[in-house]
Amino acid sequence: MSEQMNDTNNPNDTNDTARDPSSAALFGRCARAWRHLCSTTGAGRRAFPPATLAAIEAAIQAGERQHRAEIRLIVEAALPLAAAFDNVSNRARARQLFAQYGVWDTEENCGVLVYINLAEHAVDIVADRNVGRLVAAADWQAVCARLTEGFARGDFHASTLAALAQLNALLQRHFPADGPRPNQLPNDAIIL
């Protein structure tokens, strides 16, 4: 899987759905849409079976006892067909899901979305503003690399748990727990 890392405060963000009218661009858009059309939620469920989903939920829950951030993990087998055809980037889709699932709506503005798109072979991390200000891009990239390297070997279970452990340690360093607090976001992974 290719690595991608993004946060919500990138001023260099470009229009992700720009259209090139050339026939090569049209062919590329059709090929991308076809790849996404052929990817099904079954691919997501095979890569992330119930035991893996339970382990992910437990890892997020355990990590959130050590830090004040909130983590959501979303796996999407493929973009909606129109989005794939319109060249919506992985980053744009991750930002959309960040908003849709309320990852931004945490008390300390420290929500983190780990978005995995199986058809694109891409991982994006979108972090709310308080997290984005403190965590270096290289740290986010290291978490993405842990995921993509494992996924390239077909090891979704161990690489996801290792990346979550790495992410939890990173968040603990910047947002250490300061006592009990309510869980603000569900800890279960979402398969779309």
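Taking the stated definitions as given, is Glu70 of a type in the set (D, E, K, R) and either modelled with pLDDT of 95 or more or touching a Cys at 6+ places or on another chain (Cβ under 9 Å) (or both)?
Taking the combined requirement at face value, the residue satisfies it.
Looking only at the range 132-147, decide whether some residue is touching a Ser or Thr at 6+ places or on another chain (Cβ under 8 Å) and under 25 Å from Ala43 (Cα atoms). Yes. Among the residues of the range 64-83, those identified as more than 11 Å from the chain's Cα centre (by Cα), farther than 13 Å from Pro186 by Cα and not charged (D, E, K, R) are Gln66, His67, Ala77, Ala78, Leu79, Pro80, Leu81, Ala82, Ala83. Against the test of being on the phi < 0 side of the Ramachandran plot and surrounded by 15 or more Cβ atoms within 10 Å (Cβ to Cβ), the options Asp178, Asp128 yield a single qualifying residue, Asp128. What about Ala78, is it assigned to a helix (DSSP H, G or I) and modelled with pLDDT of 80 or more? Taking the combined requirement at face value, the residue does not satisfy it.
Would the range 159-169 turn up any residue that is at pLDDT below 95 and more than 12 Å from the chain's Cα centre (by Cα)? Within the range 159-169 (the criterion being at pLDDT below 95 and more than 12 Å from the chain's Cα centre (by Cα)), the answer is no, since none of the residues qualifies.
Please indicate, with yes or no, whether at least one residue in the range 37-58 is part of a helix (DSSP H, G or I), of a type in the set (Lys, Arg), modelled with pLDDT of 85 or more and crowded, with 16+ Cβ neighbours inside 10 Å. Let's see the steps before the verdict.
Let us first name the residues in the range 37-58 that are part of a helix (DSSP H, G or I), namely 37-38, 41-47, 50-58.
Next cut, of a type in the set (Lys, Arg) only: 45-46.
Now narrow it down to the ones that are modelled with pLDDT of 85 or more: 45-46.
With crowded, with 16+ Cβ neighbours inside 10 Å added as a condition, the list becomes none.
No.
Consider the range 153-175 and keep the residues that are among the hydrophobic types (A, V, I, L, M, F, W, C) and within 15 Å of Val75 (Cα to Cα). The one that is surrounded by the fewest Cβ atoms within 10 Å (Cβ to Cβ) is Leu161.
For Gln141, the conditions (1) in a helix (DSSP H, G or I); (2) touching a residue at least 24 places away in the same chain (Cβ under 8 Å); (3) under 14 Å from Leu164 (Cβ atoms) are fulfilled apart from (3). When the range 96-127 is filtered for residues that are in a loop (DSSP other than H, G, I, E, B) and polar (S, T, N, Q), the ones remaining, listed by number, are Thr106, Asn109. Filtering the range 116-131 to residues that are small (Gly, Ala, Ser) and under 15 Å from Arg173 (Cβ atoms) leaves only Ala127. Looking across the range 84-96, the residues that are touching a residue at least 24 places away in the same chain (Cβ under 8 Å) and either within 16 Å of the chain's Cα centre (by Cα) or surrounded by fewer than 22 Cβ atoms within 10 Å (Cβ to Cβ) (or both) come down to Phe85, Asp86, Asn87, Val88, Ser89, Asn90, Arg91, Ala92, Arg93, Ala94, Arg95.
The values are calculated or read from the model by the stated rules, or taken from the named source; none is laboratory data. All figures in this text were calculated on a predicted structure; none of them were measured in a lab. A quick note on method: Cβ atoms are made from the backbone with ideal geometry, for glycine too, and the neighbour counts reach across all protein chains shown.
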